[in-house]
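What follows is calculated from the coordinates using simple rules that are stated; it is not laboratory data. Just so it is clear, the model here is predicted, and its values are computed rather than measured. Counting neighbours? That spans all protein chains shown, and the Cβs are built from the backbone with ideal geometry, glycine included.
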Protein chains: 2
Amino acid sequence: MRKIADSTVRRLSLYLRLLEEFAHEGVETVSSQALARRGGTTAPQVRKDLSFFGSFGMRGMGYRVPELVSRLRDILGLEREYVVVIVGAGKVGSALAQFREFASRGFNISAAYDHDPAKIGREWEGIAIRDVARLDRDLAARPADIAIVAVPAEGAQPVTDRLVAAGVRAILNFAPVPLAVPADVTVKHVNMVLELETLSYALRHR
Amino acid sequence: MRKIADSTVRRLSLYLRLLEEFAHEGVETVSSQALARRGGTTAPQVRKDLSFFGSFGMRGMGYRVPELVSRLRDILGLEREYVVVIVGAGKVGSALAQFREFASRGFNISAAYDHDPAKIGREWEGIAIRDVARLDRDLAARPADIAIVAVPAEGAQPVTDRLVAAGVRAILNFAPVPLAVPADVTVKHVNMVLELETLSYALRHR
DNA sequence: GGATGTGAATGTCTTCACAGCT
DNA sequence: AGCTGTGAAGACATTCACATCC
């Protein structure tokens, strides 16, 4: 399959959420127009995004909601569940571990890791905090699909190397440093300060 | 000033962080090449990004680190401090309120708001949780530059309307719904589930 | 020599317009 | 008539190449 833009994938994820909303409201059929309106985008954009993956609609009618939901779940890889580990049990790790939406979407957090003895052995909402020294052995026993890196800047690259060596191929990075990984590993970088800075830029330039 | 792409602004913010790192290491001068290497981008990209705002380097030499830091801080609007309110004192709001990097970057959280009586009156690390009913009056007395919306989906649009009416012109939205705002208000949407979904897409397509 | 700054070329994403199906 | 699906046009972003200056 040819390369799909990240922006397109993000919109597909948005469409899926909107469609589930429509389904919940009992709507059976939806037009690209209606989806676009609710998603803050345009109808041609919706159709183009979907057309990269096939023809899911009916001309003159629109899209059948349940069908499009399952198509999108399939495209996004959401028909299966994922094992997720969190590395770093600080503020960010803790907030993410307790985040209900993850589990309800099929992203199951198997454990959190830290090296602080005061935290090891405790648990948050059923998620155990384990010694980061055990990370490699644990992953050998129970591989993870996705890792969330929520450690301080210095520790991020070393722990990433260990995760990659253990077979993790997708990483959500909250540490404020770019991570170096092999080409077959995907990294998404999240940085709240940077988001606020884009807002301060917007406030300044008018 | 002509319109600058969001991707450019995000990179400027990245460059600033990297430059502060270089400064901390005692580096006085840096080339676009060196910045690019550390930031995971390319040298022409760095030069182009900067050139939208002026000529800050010295041919043959590179950029003087302290000067470029202050130029970037100026461009990004970081020479001043910002008053930030958080609406919604759940898991997300709490994690953000306790997030040290905000204050150290000049984003000062003045208060958090909720309507749960069990939370109102408590405080997190010196940040008071106040009754959301007081939001409008409080903002009239002490205007906020930026609001962080961390309430459930249903409540997001109504509270946004109140924030906008109270003069807030920049919003960081954690609620899983697009927010409608006037054209002079900037909204940044943050959604962790969506980030994980782009990772599951990446895992699925290879 | 070495590195910036930038117009031009290339590549990528979005928008448009309309043929084609229901 | 209504709405999708898509090739083509247009807008936008990135990369390149090189003139320019220290």
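Name the most mobile residue of A:79, A:20, A:195, meaning the one with the largest mean-square fluctuation, in a Gaussian network model of chain A with Cα contacts below 10 Å.
Per the Cα network of chain A with a 10 Å cutoff, A:195 tops the list.
Find the Cα radius of gyration of region B:93-206, compare it with 2.2 N^0.38 Å by division, and give the number to two decimals.
Ratio of Cα Rg to 2.2 N^0.38 Å: 1.18.
Looking at region B:123-159, which trypsin sites (Lys or Arg not before Pro) are in a loop (DSSP not H, G, I, E or B) and have at most 14 other Cβ atoms within 10 Å?
none
Summarise the partner chain shielding of B:75-84 as one whole number: the mean count of Cβ atoms from other chains within 10 Å of each residue's Cβ.
Mean partner shielding for this stretch: 4.
Filter the chymotrypsin sites (Phe, Trp or Tyr not before Pro) in region B:38-77 down to the DSSP loop ones having no more than 11 other Cβ atoms within 10 Å, then list what survives.
none
Between residue B:5 and residue A:67, what is the label-to-label distance in nm when each label sits 7 Å out along the Cα-to-Cβ direction?
Roughly 3.7 nm, to one decimal.
Per residue of A:8-14, how many C-beta atoms from partner chains lie within 10 Å of its own C-beta, taken as a mean?
Partner-chain Cβ atoms within 10 Å, mean over residues of A:8-14: 5.
Counting pairwise Cα distances across region B:81-136, what percent come out greater than 14 angstrom?
So the portion of pairs separated by more than 14 Å is 46 percent.
Based on alpha-carbon atoms only, what is the radius of gyration of chain A relative to the globular estimate 2.2 N^0.38 Å?
This ratio for chain A stands at 1.19.
Any chance you could get the radius of gyration and Dmax over the Cα atoms of region B:61-109, in Å?
Reported Rg and Dmax, both Å: 14.9, 50.
Need one number: the % of Cα-Cα pairs in region B:1-96 sitting beyond the 22 Å mark.
Result: 35 percent of Cα pairs exceed 22 Å.
For region B:47-144, state the semi-axes of the equivalent ellipsoid (square roots of 5 times the eigenvalues of the alpha-carbon gyration tensor), sorted largest first and rounded to whole angstrom.
39, 13, 10
If I model a spin label as a point 7 Å beyond the Cα along the Cα-Cβ vector, how far apart are those points for residue B:52 and residue A:21 in nm?
Modelled inter-label distance: 2.9 nm.
Which whole number in µm²/s is D for the protein assembly as shown by Stokes-Einstein, with the Kirkwood Rh taken over Cα pairs at 20 °C and 1.002 mPa s?
93
Listed here are the pairs A:188/B:188; B:48/B:188; B:3/B:48; which of them are more than 19 Å apart at the Cα?
Pairs exceeding the cut-off: B:48/B:188.
Once the piece of chain linking residue B:137 and residue B:157 is laid out straight, how much longer is it, given 0.36 nm per residue of separation minus the C-alpha distance between them?
5.3 nm
Relative to the other copies, what are the label-point distances for residue B:203, with labels 7 Å from Cα along the C-beta vector, expressed in nm at one decimal and sorted shortest first?
3.8
Averaged over peptide A:184-194, how many Cβ atoms belonging to another chain are found within 10 Å of each residue's Cβ?
The mean count of partner-chain Cβ atoms within 10 Å per residue comes to 6.
Rounded to the nearest Å, what's the spacing between the alpha carbon centres of region B:86-104 and region B:106-123? Just the number, please.
So the two Cα centres are separated by 9 Å.
Loop-only trypsin sites (Lys or Arg not before Pro) in region B:1-89, please: DSSP not H, G, I, E or B, and at most 16 other Cβ atoms within 10 Å.
B:2, B:3, B:59, B:80
Roughly how many Å is it from the Cα centre of region A:42-56 to that of region A:135-191, as a whole number?
After rounding, the separation between the Cα centres reads 33 Å.
Could you check which residue among A:42, A:186, A:160 shows the biggest mean-square fluctuation in a GNM of chain A with a 10 Å Cα cutoff?
Top of the fluctuation ranking is A:42.
What does the charge add up to near residue B:119, with Lys and Arg as +1, Asp and Glu as -1, over the other residues with Cβ less than 11 Å from its Cβ?
Neighbour charge sum, excluding residue B:119 itself: -2.
Using +1 at the C-beta of Lys and Arg and -1 at the C-beta of Asp and Glu, which of A:148, A:189, A:98 has the Cα lying farthest in the positive direction of the dipole of region A:82-194?
Toward the positive end, the furthest listed residue is A:98.
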